[in-house]
Amino acid sequence: VENEKNEGATLKRENQSLMELCDSLEKAKQKISHDLQVKESQVNFQSGQLNSSKKQIERLEQELKR
């Protein structure tokens, strides 16, 4: 009976440790997901700026040809 109690206590500690690890990994996943969204937003903004700049360059090149 004593061995079973010890094993039960050991399994409870291991389970608690694994639950804490899962919580930690979930928080890390959420942070990474948020960081990714921020970076995707920045990329989209810069892509828009790039397209705008390309159009402006094309317009200026056309003016130079005239």
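The values are calculated or read from the model by the stated rules, or taken from the named source; none is laboratory data. Values in this document were obtained by computation on a predicted structure and should not be read as measured data. Note that we place each Cβ from the backbone using ideal geometry, even for glycine, and neighbour counts take in every protein chain shown. These accessible areas exclude ligands, DNA and RNA; they are computed on the full protein's heavy atoms, side chains included. Shrake-Rupley method; radii C 1.70, N 1.55, O 1.52, S 1.80 Å.
The residue list Val38, Thr10, Leu60 was ranked by how far each Cα lies along the charge dipole of the chain toward its positive end, using unit charges on Cβ atoms, and Leu60 comes out on top.
Annotation note: trypsin sites (Lys or Arg not before Pro) in the stretch 1-48 located in DSSP loop regions with a Cβ neighbour count of at most 14 within 10 Å are absent.
Within a Cβ distance under 15 Å of Asn15, other residues only, what is the Lys/Arg minus Asp/Glu net charge? Here the count lands on -2. Estimated at the nearest 10 Å², the accessible area of Ser47 is 50 Å² with a 1.4 Å probe. About its Cα centre, the chain has a charge dipole of approximately 720 debye under the convention of +1 per Lys or Arg Cβ and -1 per Asp or Glu Cβ, with nothing else charged.
Could you look at the chain and say what percent of its accessible area is carbon and sulfur, using a 1.4 Å probe and all protein chains? Carbon and sulfur together cover 54 percent of it.
What translational D, rounded to a whole number of µm²/s, comes out for the chain from Stokes-Einstein when the hydrodynamic radius is the Kirkwood one over Cα pairs, at 10 °C and 1.306 mPa s? Can you show the working numbers first?
Values: Rh = 16.9 Å.
This corresponds to a translational diffusion coefficient of 94 µm²/s.
When Lys and Arg each count +1 and Asp and Glu each count -1, what net charge do the other residues less than 13 Å away from Ser33, Cβ to Cβ, add up to?
Numbers: positive: Lys27, Lys29, Lys31, Lys39; negative: Glu26, Asp35, Glu40.
Summing Lys and Arg as +1 and Asp and Glu as -1 gives +1.
Other residues with beta-carbon under 14 Å from the beta-carbon of Ser47 carry, at +1 per Lys or Arg and -1 per Asp or Glu, a net charge of +2. Couplings 3J(HN,Hα) for the stretch 34-51, derived from phi with the Karplus relation 6.51 cos²θ - 1.76 cosθ + 1.60 (θ = phi - 60°), are 5, 4, 4, 4, 4, 5, 5, 5, 5, 4, 4, 4, 5, 5, x, 4, 4, 4 Hz, where x marks Gly and Pro.
Using 0.36 nm per residue, how much length does the chain from Cys22 to Val43 gain when fully extended, once their Cα-Cα distance is taken away?
4.5 nm
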